Amino acid sequence: MQEHISNCSKLNSVLVFFILLCCVNTLKAQSKVKLCKAPIFVDAIKSGFPHLEESPDTITIREGETYYLRMLLKSCKGAMYLERHLLSNGILVFSGNYLDAVKLDTVQAWAVDPVTGNRTPRTATHYKPLRTGTWKYYDEKGELLKEEKYENGNLIIDNK
């Protein structure tokens, strides 16, 4: 009888260990986030994002005092769904999709020190994804202004 209780206790310990192990692995799988190593330049807003995270969730990014972006980043090379909204009332300004960039782009630019005014040459690298599918643009009332259709970054149809 004593041996049976000892075996049950060992079995219980092993079972609890496996349950905890499964829970920890499930939590890791749900919070999987990949930090992108290179910035992504978004031509629709003429800005780059240096520290984006590839995530299964939508990211909201405030753009100054006027707009905010809602972005679903699908890949660190720039595949994403993007929306720009007015900050004041949440009305959609535009929406569209990007495909992965073909390659990492290198850009030569000048950096200006705001204190001294000295200019120094800088080299930056980033991914510049390609527009794809239908892009929609809206007025300040949220009514559709125009649609553009893109294929691999090329404008195919512009309905004004």
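The values are calculated or read from the model by the stated rules, or taken from the named source; none is laboratory data. Bear in mind the structure is a predicted one, so any value in this text is a computation, not a measurement. Every residue, glycine as well, gets a Cβ built from its backbone with ideal geometry; the counts of neighbours run over all protein chains shown. The accessibility values were calculated without ligands, DNA or RNA, using every heavy atom of the protein model including side chains. Shrake-Rupley method; radii C 1.70, N 1.55, O 1.52, S 1.80 Å.
Annotations for the structure displayed:
- In this structure the amide hydrogen of K74, modeled in the peptide plane, comes within under 5 Å of the amide hydrogens of A79, M80, Y81, none closer than 5 places in sequence on its chain.
- Rounded percent of accessible protein surface that carbon and sulfur make up, segment 95-153, 1.4 Å probe: 50
- Label-point gap, in nm, between K46 and I91 - each point 7 angstrom along Cα→Cβ: 2.2
- Heavy atoms of the protein chains alone define the surface here; on that basis segment 48-160 has 63 Å² accessible area per residue at 1.4 Å probe size.
- Computed label-point distance, nm, for sites R62 and L155 using a 7 Å Cα→Cβ extension: 3.3
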